[in-house]
Every structure is written in C-alpha cells, then in structure tokens.
Amino acid sequence: MLVDKSDRILTDSRTPKYMQVVNLILDEIDSGKLKIGDRIPSINETSFDFLLSRDTVEKAYNELRDRGIITSVRGKGFYVSSTNMTNKMKVLLIFNKLSSYKKIIYYSIVETLGDQATVDLQIHHYNKKVFESIMDQHLGDYNYYVLAPHFFDENNHPETCYELIKQIPKDKLLILDRAVKDHENEFPGVYQDFSRDILETLESGISHLRKYSRLILVFPKGDMYPVEIIDGFKRFCFFHNFNNLILDGIDDEPLYEGDSFIVLAETDLANIVKKSREQSLQLGKDIGIISYNETPLKEILAEGITTISTDFIHMGQSIANQILGEEDRIPLKNPFKMIIRKSL
C-alpha cells in the first residue's frame, strides 16, 4: 500500500484529487517510508485502492515524473528516483507586455508560489509570431504555462491564436487576464470580462454619473487595449440613455463643463487634470474623471481619482493557487470594481 488506509482522498477538498495523490506520495518520501529505488504501486493499483479514475492517478504520476521525483521503467512500473523535496515545479509566464499592472500580477504569483516553484517570464508583445517562437523554444520544458492571450494581427485587429494555444497540454495551461474568444470555457485560469465589467461597474456608480450631461470614453488608437471595453461602454450608454462620445485622445480642444471622462491611458489622464486646472474646472463637480486600472498614485493625484479596475493581486494569487492545486482549475472571472474618489 502507498499509505495507511486511514489516509483517504477527500472528495470535498478544494485540492484536486490528483494533487492529493501527489501530496500523499511526497509525504511518504518525506517520512522515509519511500526511498530511492523503491517501487510505488501501479496506476491501476492506486486507482483501485483509492477509488479514483485511472486518468486521475495518471495525471498525478505525470506531475511527479515532471518534477523528477519518480521515473517509469517500461514493463516494470514506477520507481522513486529522487527524495530531494526541494525539486520545484517550473512555471513559464507568457505576458503580452510588462506594464505596472502586469508587474503586480507577476509579484503576486511569485509570492504566492513561494519556494514551491521557479518562475520564468517571456513577453510576446501581442505578436503571434513571437508567441510561436516562444512555444518552439520552450514547449515541454515547464510544468505549467500561464498565458495572457492578448494578440493582434498586423492591422491591429484582435486574434485568438487558438491553434497555437492548443499545442500546450490542457493540464499544463492556465489563461491569464482575458479569455480566449469563442473558447471562454475551454481553458482554466483567471480572466477579465472587459465588456461586462465596464457595463456593470458603471451601473454601480450611475448615481454619480447622472450629475454629468455627457459621458466620454477616451480609447487610444493603436495601443492595443481590449476592444470589448468599447462594447461595454456603448451598451451602458444605450441602456441608460447617456449622451456619449468616443475619442482616441485628448487634443488641444478645451474641456467642457458637464462632461465626464473614462480614460485608459495615463497620458490622457494627466492631460485632463492639467486642462481642468488651466480652465478652473473643479473635478467631481464641473467635470468628472474615471481612470481605468487602480494604482497608488491615483489615490493621491488631484485629491483622488475615481478608478474602475480589476484586482491584480487577487488575479496573481488565484493563478498561483490553481497551479498549487489549492483552487479548482476552472475559468474564473476576476473581481472588478469602482473606487469612488473626488474626481467623480
């Protein structure tokens, strides 16, 4: 037997069953009950003993083999090849860019994984060919791949890269920040629903927005922001009868009293704050500002800028916990909220 009969696989645990099998074997090694060269029960034996599917046990054994803990001998079975409990999972993060927000996610993942994994980082820069090159170099080298699937073609049109993404084994892939269009429920991970998020969050602050006569979304061209934001904004304005406008930047035109801005780029935020001072327009009264994505600076800028933002720390923690088996590996929508400050 692998473990005492008193040690059972818990059906109501948040830890997936295959990870419970992994942990049981690691406990046996750590306690000295299993040593280098010892044979462990076959997949069929463990499946029978713990009333698990063969696929579940095979997934657990593959995890241990990827970590270098066990090895398989053709025709003979599985044997302990290392008792070095410092063998770590290898995780490759593949981000679209390294912004201040992505850094928050990165450090949250690294901190939550702790000493249980080594983490490498690659940037695909929204480019399918760069992503393809990363896969050519690193597919098969890591236990887990965490991908932010923000891709654009040469004409700055969004694309899914679905066929490339499918090359990564499903049990090793986690999606970060956005779901793969038309395959939202296919890959586990943590994502933003950009259209739904902005719609529902603006609705939560609608009493503040009613103070203004027009709602303006400043959506820069060519900066590869998710176009679903425009869809959610238009739906909100339509459903709630808001006079609205979409601009690609803040130019030299003056600001007009009664306008409220939703800005994505930090440069546009700075320009609006500057113009409001030059024109003696009071934020939160004469004009309103909502900035996309929360940062510490926005809490103090101009006595406080209202933000709508996902929780980047939570996103990183949730991805790490899925890797560790502490959360179910399913598609999870990340929390998104409005933080009301004086600018609205």
inquiry  = Out of everything in the stretch 244-266 that is within 24 Å of residue 192 (Cβ to Cβ) and in a loop (DSSP other than H, G, I, E, B), what residue ends up being nearest to the chain's Cα centre (by Cα)?
reply    = 264
note = Going through the stretch 322-340 in order, the residues found to be in a loop (DSSP other than H, G, I, E, B), farther than 16 Å from residue 101 by Cα and open to solvent by less than 40 Å² (accessible area, probe 1.4 Å) are 325, 327
task = For residues that are at pLDDT 95 or above and touching a helix residue (DSSP H, G or I) at 6+ places or on another chain (Cβ under 6 Å), scanning just the stretch 105-121, find the one that is surrounded by the most Cβ atoms within 10 Å (Cβ to Cβ).
result = 105
message = Here is a list: 88, 97, 35. Which entry is of a type in the set (Lys, Arg) and either buried (at least 19 other Cβ atoms within 10 Å of the Cβ) or under 15 Å from the mean Cα position of the chain (by Cα) (or both)?
response = 97
ask   = Which pairs have Cβ atoms under 9 Å, sit 6 or more apart or on different chains, and link a residue in the stretch 158-178 that is over 14 Å from residue 124 (Cβ atoms) to one that is open to solvent by less than 20 Å² (accessible area, probe 1.4 Å) and of a type in the set (S, T, N, Q)?
value = 172/143; 174/322
request  = Kindly indicate whether residue 53 is farther than 30 Å from residue 225 by Cα, more than 15 Å from the chain's Cα centre (by Cα) and open to solvent by 50 Å² or more (accessible area, probe 1.4 Å).
outcome  = yes
Inter-residue pairs, beta-carbon under 6 Å, first surrounded by 21 or more Cβ atoms within 10 Å (Cβ to Cβ) and in the stretch 189-218, second among the aliphatic types (A, V, I, L, M) and assigned to a helix (DSSP H, G or I), 6+ apart = 190/315; 190/319; 194/229; 198/229
request  = Would you point out the residue of the stretch 267-321, among those that are part of a helix (DSSP H, G or I) and at positive phi, that is most open to solvent (accessible area, probe 1.4 Å)?
outcome  = 303
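The values are calculated or read from the model by the stated rules, or taken from the named source; none is laboratory data. Computed from a predicted structure; not experimentally measured. All Cβ positions, even for glycine, are placed from backbone atoms using ideal geometry, and neighbour counts span all protein chains on display. All accessible areas refer to the heavy atoms of the entire protein, side chains included, with ligands and DNA or RNA removed. Shrake-Rupley method; radii C 1.70, N 1.55, O 1.52, S 1.80 Å.
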